[in-house]
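Inspection log for the structure reproduced underneath, given as structure tokens.
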Amino acid sequence: MNYIKNIRKKVGHDKIFLNFSAGILQKSGRILLQRRSDKGTWGIPGGAIELGESATEALIREYYEETGIKIKPLKLLNVYTKYTDCYPNGDEAQVITILYEVYSEDIYINMEYKNVETLELKFFNYDEIQELVLVNKQHEDMIKDFFENSCILGR
């Protein structure tokens, strides 16, 4: 099922709520980011929660689809709710993202993984991330909060 596609058939490009799960995988002080095909920008891997899925089920499924990595959630980091995004096709949404810290169940991570949604995967430290174009303000805040070990409520 593709919840977003079905909703968009009914509402067109109007602003709607979209619910996502995302995960931060860290290794030696660096976090894994995905260069996305929709905007060509970098972001935290994750994706939409489908009807009938829990946030953690969506996280595990989406993370694998976008990175090829089998993960498990370690802990809930925060919920980010006060962000608007506009997609290349004109769709608008208030994006609610549930952010987790995750660990990899895989011993080997294929850093050459690519698919329709993922152009590139790479681990970055915080200073390196400052030089990147990130997908949106929500991802900027999630990454900043993670590296500062803060949990600002009301974002």
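The values are calculated or read from the model by the stated rules, or taken from the named source; none is laboratory data. This one's a predicted model, so the numbers in the text were calculated from it and none came from an experiment. Positions of Cβ are backbone-derived with ideal geometry, glycine not excepted, and every protein chain shown enters the neighbour counts. These area figures cover heavy atoms from the full protein model, side chains too; ligands, DNA and RNA do not enter into them. Shrake-Rupley method; radii C 1.70, N 1.55, O 1.52, S 1.80 Å.
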- [ ] Can you tell me what the convex hull of the Cα atoms of the range 2-148 projects to on average, as an area in nm²?
- [x] 8.4 nm²
TODO: Find, among the GluC sites (Glu not before Pro) in the range 1-109, those assigned to loop by DSSP (not H, G, I, E, B) with at most 13 other beta-carbon atoms within 10 angstrom.
DONE: Glu105
Task: For the chain, built as a Gaussian network whose Cα springs stay under 10 Å, the top-fluctuating residue of Gly68, Gly90, Gly46 - done: Gly90
Task: In the range 103-137, the chymotrypsin sites (Phe, Trp or Tyr not before Pro) that fall in loop regions by DSSP, at most 10 other Cβ within 10 Å - done: Tyr108
Task: Nearest 10 degrees, 0 to 90: helix 137-147 Cα axis against the chain principal axis - done: 30 degrees
TODO: On a 0 to 90° scale, report how tilted helix 55-67 is relative to the longest principal axis of the chain, with both axes built from alpha carbons and the result rounded to the nearest 10.
DONE: 70 degrees
Open item on the list: Here is the link list: Lys10/Lys114; Lys15/Lys72; Lys15/Lys70; Lys5/Lys72; Lys9/Lys72; Lys27/Lys114. Which ones come out longer than 30 Å on Cα distance?
Closed with: Lys10/Lys114; Lys15/Lys72; Lys15/Lys70; Lys9/Lys72
- [ ] Could you please put Val133, Val79 in sequence from largest to smallest accessible area, using a 1.4 Å probe?
- [x] Val133, Val79
TODO: Starting from the residue with the highest accessible area, list Asp106, Asp91 in decreasing order, probe 1.4 Å.
DONE: Asp106, Asp91
Task: Stokes-Einstein D in µm²/s, Kirkwood radius over Cα pairs - the range 37-92 at 25 °C with 0.890 mPa s viscosity - done: 187 µm²/s
Open item on the list: Need one number: % antiparallel among DSSP beta bridges in the chain, to the nearest 5.
Closed with: 70 percent
